[in-house]
Structures are given as C-alpha cells and as structure tokens.
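The values are calculated or read from the model by the stated rules, or taken from the named source; none is laboratory data. Keep in mind it's a predicted model, so treat the numbers as computed, not measured. Cβ sites come from the backbone with ideal geometry, for glycine too, and all protein chains shown count toward neighbours.
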Amino acid sequence: MDEKKKGLFSTMVISLCAVVFIAVAALILFVPKIEVKDICYFICGFVVVLGIYMIVRYFMSAGFERLNEYGFSEGVLLVLLGICGLVSAERIAMSFLTALGLLLLLSGVVKLQYALDLKCMGDQAWIGFFAVNVVLLGLSVSIILKPFEDMAFFQNYTAYILLVDGIVEIVNIFYLNYRTKTYRQGARKGQDEEETLEEVFEPRKEGMEGSVEPAGQEGTKEGRDGGGM
C-alpha cells in the first residue's frame with residue numbers, strides 16, 4: 001500500500017508540474033500585460049507551497065517509519081529554493097527563458113524513461129512517444145543555446161514549446177498509468193492460471209502414484225498364490 005501511495009504522489013507532483021508549464025505558457029502567450037517577473041513569483045510560490053505540502057505529508061504519513069523516505073528533506077529543499085527565488089525574482093527574470101529550457105530538458109529526460117517503460121511492457125506505442133520526446137529534447141536544448149536575437153519571438157517560441165511539453169507530459173502520465181495497470185492485471189491473471197493448473201494436475205498425479213502397488217506387496221501376493229498351489 002505504501003508503494004502505491006508513493007507512486008500516486010509522484011504522479012500527482014509530475015502532473016502538477018505539467019499544469020504549471022501549461023499555465024505559464026498560457027500567461028506568456030495570451031496575457032501580454034503580465035511581466036516575466038510576475039511569472040517568476042508565481043513559479044517560486046508554487047515551489048514553496050509544494051515543499052510545505054511534502055513536509056506536512058512526511059509527518060502525517062509517518063514517513064520516519066519507512067527506509068529511504070526523504071520527503072522531509074525534499075520538502076525543505078523546495079521551500080528554501082522557492083524562498084531564494086522569491087527574493088531574487090528580478091535577477092531570475094533576466095535568465096528566465098534559459099531556466100525554462102533547463103526545466104524542459106529535465107522533463108524530456110523523464111519522459112524518455114516513460115517511453116522505455118512502455119517498451120519493456122511490449123507496447124508498440126513506445127516508438128511514437130520516444131520520437132516526440134526526442135524532438136522536445138532537441139527543442140529544449142535550442143532554448144538553452146538561445147539561437148534567436150528577437151526576444152519577443154524567442155519568448156513566444158519558448159512558450160509554445162512549454163505548452164506542448166505540458167500537454168505531452170499529461171498524455172504520457174495517463175497512458176503509462178493505464179498500460180501499467182493493464183500489464184499488472186495480465187501478469188496477475190497469468191500467475192493465477194498457472195496456480196490453478198498446478199492445483200488440478202497435482203491431485204491427479206498423487207492419485208496415480210497411490211494406485212501403484214509396492215513391490216513388496218506384489219511379492220507377498222505371489223507367495224500366497226504359490227503356497228496355495
């Protein structure tokens with residue numbers, strides 16, 4: 001049960017990050033009056049809230065009882081990073097697009113793992129997910145390298161990639177969860193069928209072994225017949 005809860009929590013965190021990506025892209029594209037500094041405040045505030053939630057969750061779920069549970073440490077780190085970001089939001093805004101490129105690069109690497117998970121489960125769709133993620137990785141690298149001199153175009157370019165990445169992230173998560181459940185159900189069903197076959201054949205085998213007379217008893221019977229003659 002703890003592993004299921006941990007997996008669900010990880011899925012929720014990644015989904016929230018994808019939603020934040022989409023929200024930031026929408027703000028850049030459709031709310032031109034908003035400044036980059038305001039978006040930095042929004043993201044850093046989200047990081048602080050997420051860190052506080054992880055700290056509270058660590059104590060509420062008795063995380064100290066589980067080995068290799070670092071929810072408290074991760075929560076404290078997020079809170080500190082968020083606070084530092086809030087304090088220096090203006091300086092972060094100067095390299096905001098580069099920071100988004102780094103986040104997109106991290107997101108792309110995670111999605112590559114999703115594609116490989118699908119491959120291991122024998123899902124043919126992994127090729128499509130892998131190809132899309134490779135393209136997104138290349139685009140995120142282009143954001144980090146800053147190939148455009150026109151900042152307005154560069155900003156919109158980054159926002160569109162961020163929007164697509166967030167949507168692809170959500171599709172990846174839901175499809176991977178669906179395929180993982182289907183794969184586990186199939187594996188569990190196959191295991192149950194094997195156990196049922198073993199239960200059917202073992203009694204038959206025992207019955208056949210019990211019907212064979214021991215060699216000593218056959219000799220005794222022959223002795224009795226011979227004595228009677």
Does region 78-127 hold any residues that are farther than 19 Å from Ala18 by Cβ and polar (S, T, N, Q), and which are they?
Ser88, Ser95, Thr98, Gln124
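Looking at region 75-119 only, could you name the residues that are among the basic types (Lys, Arg), farther than 30 Å from Leu176 by Cα and in contact with a helix residue (DSSP H, G or I) (Cβ under 6 Å, 6 or more places away or on another chain)?
To start, the set of residues in region 75-119 that are among the basic types (Lys, Arg) comprises 91, 111, 119.
Next cut, farther than 30 Å from Leu176 by Cα only: 91.
Within region 75-119, no residue meets the criteria.
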In the list Leu50, Leu86, which residue meets the criterion of being at pLDDT 85 or above, under 21 Å from the mean Cα position of the chain (by Cα) and in a helix (DSSP H, G or I)?
Leu50
So how many residues does region 138-189 have that are under 19 Å from the mean Cα position of the chain (by Cα) and farther than 19 Å from Val20 by Cα?
11
What are the residues in region 18-33 that are under 17 Å from the mean Cα position of the chain (by Cα) and either surrounded by 18 or more Cβ atoms within 10 Å (Cβ to Cβ) or not in a helix (DSSP H, G or I) (or both), if any?
Ala18
How about region 136-148: which of its residues are farther than 13 Å from Tyr160 by Cβ and assigned to a helix (DSSP H, G or I)?
Leu137, Gly138, Val141, Ile144, Leu145
Of the numbered conditions (1) under 25 Å from the mean Cα position of the chain (by Cα); (2) farther than 29 Å from Gly138 by Cβ; (3) among the aliphatic types (A, V, I, L, M); (4) at pLDDT 80 or above, Leu8 fails exactly one; give the number of that condition.
(4)
Picked from region 89-122 (must be surrounded by 18 or more Cβ atoms within 10 Å (Cβ to Cβ) and closer than 30 Å to Arg184 by Cβ), the residue nearest to the chain's Cα centre (by Cα) is Tyr114
Mind listing whichever residues of region 155-189 are among the hydroxyl-bearing types (Ser, Thr, Tyr), in contact (Cβ under 8 Å) with a residue 40 or more places away in the chain and closer than 17 Å to Cys120 by Cα?
Tyr175, Thr180, Tyr183
